[in-house]
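Report on the structure given below.
The values are calculated or read from the model by the stated rules, or taken from the named source; none is laboratory data. All of these numbers come straight from a predicted model, not from anything done at the bench. Cβ placement follows ideal geometry from the backbone for every residue including glycine, while neighbour counts extend to all protein chains displayed. When the accessible area is computed, the model is the full protein with side chains, heavy atoms only, and any ligands, DNA or RNA have been set aside. Shrake-Rupley method; radii C 1.70, N 1.55, O 1.52, S 1.80 Å.
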Amino acid sequence: MTSSDFTLEGLDKSQVENLIALAKERRLQRKQKRDSSIPIVSREGHLPLSFAQRRLWLLAQLDGVSATYHIPMALHLHGALDVPAWQRSLDALFARHEALRSVFVAEQGEPQVQVLA
(Lines give C-alpha, C1' and ligand atoms only; values in the text may rest on other atoms or scores of the structure.)
Protein backbone atom coordinates (compact mmCIF):
# COMPACT_ATOMS: atom_id res chain seq x y z
CA MET A 1 0.00 0.00 0.00
CA THR A 2 1.44 3.38 -0.96
CA SER A 3 0.80 6.61 0.91
CA SER A 4 -1.58 7.69 -1.85
CA ASP A 5 -3.67 4.52 -1.24
CA PHE A 6 -4.02 5.20 2.50
CA THR A 7 -7.52 5.97 3.80
CA LEU A 8 -8.89 6.23 7.32
CA GLU A 9 -11.75 3.92 6.41
CA GLY A 10 -9.25 1.04 6.17
CA LEU A 11 -8.27 1.32 9.85
CA ASP A 12 -9.76 -0.72 12.65
CA LYS A 13 -10.90 0.79 15.95
CA SER A 14 -7.60 0.24 17.80
CA GLN A 15 -5.60 1.84 14.99
CA VAL A 16 -7.89 4.89 15.04
CA GLU A 17 -7.53 5.14 18.82
CA ASN A 18 -3.73 4.94 18.48
CA LEU A 19 -3.77 7.70 15.85
CA ILE A 20 -5.91 9.91 18.07
CA ALA A 21 -3.61 9.32 21.05
CA LEU A 22 -0.58 10.12 18.91
CA ALA A 23 -2.19 13.31 17.60
CA LYS A 24 -3.01 14.43 21.16
CA GLU A 25 0.55 13.68 22.28
CA ARG A 26 2.02 15.66 19.38
CA ARG A 27 -0.29 18.59 20.09
CA LEU A 28 0.81 18.57 23.75
CA GLN A 29 4.48 18.42 22.72
CA ARG A 30 4.02 21.41 20.37
CA LYS A 31 2.28 23.38 23.12
CA GLN A 32 5.04 22.59 25.62
CA LYS A 33 7.69 23.57 23.09
CA ARG A 34 5.86 26.80 22.28
CA ASP A 35 5.46 27.59 26.00
CA SER A 36 9.19 27.08 26.60
CA SER A 37 10.31 29.03 23.54
CA ILE A 38 11.64 32.59 23.43
CA PRO A 39 9.89 34.72 26.04
CA ILE A 40 7.74 37.63 24.93
CA VAL A 41 9.37 40.99 25.63
CA SER A 42 7.36 44.11 26.33
CA ARG A 43 7.36 46.58 23.46
CA GLU A 44 6.97 49.59 25.72
CA GLY A 45 9.92 51.96 25.44
CA HIS A 46 13.21 51.09 23.77
CA LEU A 47 14.69 47.61 23.33
CA PRO A 48 18.33 46.52 23.27
CA LEU A 49 19.79 45.72 19.87
CA SER A 50 20.49 42.17 18.79
CA PHE A 51 24.07 41.36 17.81
CA ALA A 52 23.21 41.73 14.11
CA GLN A 53 21.40 45.04 14.69
CA ARG A 54 24.34 46.35 16.73
CA ARG A 55 26.67 45.45 13.84
CA LEU A 56 24.49 47.36 11.36
CA TRP A 57 24.28 50.34 13.71
CA LEU A 58 28.07 50.38 14.16
CA LEU A 59 28.63 50.20 10.38
CA ALA A 60 26.22 53.10 9.91
CA GLN A 61 28.16 55.12 12.51
CA LEU A 62 31.45 54.42 10.72
CA ASP A 63 30.34 54.71 7.09
CA GLY A 64 27.38 57.07 7.35
CA VAL A 65 24.22 56.51 5.36
CA SER A 66 24.60 53.64 2.93
CA ALA A 67 22.42 52.01 0.30
CA THR A 68 24.03 48.62 0.96
CA TYR A 69 20.96 47.08 2.56
CA HIS A 70 18.42 48.86 0.39
CA ILE A 71 17.03 47.15 -2.69
CA PRO A 72 15.63 49.75 -5.05
CA MET A 73 12.76 48.52 -7.14
CA ALA A 74 9.92 50.02 -9.11
CA LEU A 75 6.77 48.46 -10.44
CA HIS A 76 4.70 49.80 -13.26
CA LEU A 77 1.06 48.94 -12.62
CA HIS A 78 -1.71 49.16 -15.18
CA GLY A 79 -5.32 49.90 -14.35
CA ALA A 80 -7.09 51.68 -11.54
CA LEU A 81 -5.59 51.51 -8.09
CA ASP A 82 -7.99 50.71 -5.26
CA VAL A 83 -6.36 53.10 -2.77
CA PRO A 84 -8.35 51.98 0.30
CA ALA A 85 -7.51 48.31 -0.39
CA TRP A 86 -3.86 49.21 -0.94
CA GLN A 87 -3.82 51.15 2.34
CA ARG A 88 -5.42 48.23 4.23
CA SER A 89 -2.81 45.88 2.75
CA LEU A 90 0.07 48.12 3.82
CA ASP A 91 -1.47 48.59 7.28
CA ALA A 92 -1.77 44.81 7.71
CA LEU A 93 1.81 44.31 6.49
CA PHE A 94 3.24 46.86 8.92
CA ALA A 95 1.07 45.59 11.79
CA ARG A 96 2.30 42.03 11.26
CA HIS A 97 6.01 42.75 10.75
CA GLU A 98 7.53 44.68 13.63
CA ALA A 99 10.84 45.02 11.79
CA LEU A 100 9.17 47.34 9.28
CA ARG A 101 8.17 49.66 12.13
CA SER A 102 11.51 49.61 13.95
CA VAL A 103 14.12 52.35 14.04
CA PHE A 104 17.48 52.63 15.78
CA VAL A 105 17.82 55.41 18.31
CA ALA A 106 20.75 56.37 20.53
CA GLU A 107 20.00 56.97 24.17
CA GLN A 108 22.99 58.33 26.10
CA GLY A 109 25.24 57.04 23.31
CA GLU A 110 23.83 53.50 23.46
CA PRO A 111 21.92 52.21 20.44
CA GLN A 112 18.44 50.84 21.03
CA VAL A 113 15.46 49.79 18.95
CA GLN A 114 12.28 51.80 19.07
CA VAL A 115 9.20 50.08 17.69
CA LEU A 116 6.88 52.66 16.19
CA ALA A 117 3.15 52.34 16.87
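For the chain, what does the accessible surface come to per residue with a 1.4 Å probe? Please give it in Å². That works out to 92 Å² for each residue.
Send over the Kirkwood Rh of the chain, from the inverse of the averaged 1/r over different Cα pairs, rounded to one decimal Å. Intermediate values should be presented prior to the final figure.
Working: mean 1/r = 0.0492 Å⁻¹.
For the chain, inverting the mean 1/r across all distinct Cα pairs yields 20.3 Å.
Put a plus charge on the Cβ of each Lys and Arg, a minus charge on the Cβ of each Asp and Glu, and nothing anywhere else: the dipole of the chain about its Cα centre is then about 240 debye.
Roughly how large, in nm² to one decimal, is the mean projection of the convex hull of the alpha-carbon atoms in region 35-102? The partial results should precede the final answer.
On the way: hull surface 31.9 nm².
One quarter of the hull surface, i.e. the mean projection, equals 8.0 nm².
Among the protein heavy atoms of the chain, carbon and sulfur supply 60% of the accessible surface, probe 1.4 Å, non-protein parts ignored. Dipole orientation for the chain: of the candidates A95, G10, S66, G10 has the Cα lying most toward the positive pole (charges on Cβ; Lys, Arg +1; Asp, Glu -1).
Could you list the GluC sites (Glu not before Pro) in region 10-117 that lie in coil according to DSSP, counting only those with at most 10 other Cβ atoms within 10 Å of their Cβ? Kindly include the intermediate steps, with their values, before the conclusion.
Numbers: sites: E17, E25, E44, E98, E107; in loops: E44.
Those satisfying the criteria are E44.
Against the chain, whose longest principal axis is taken from its Cα atoms, helix 51-63 shows a tilt of about 20°.
Taking Cα atoms only, the orientation of helix 83-96 departs from the longest principal axis of the chain by about 80 degrees.
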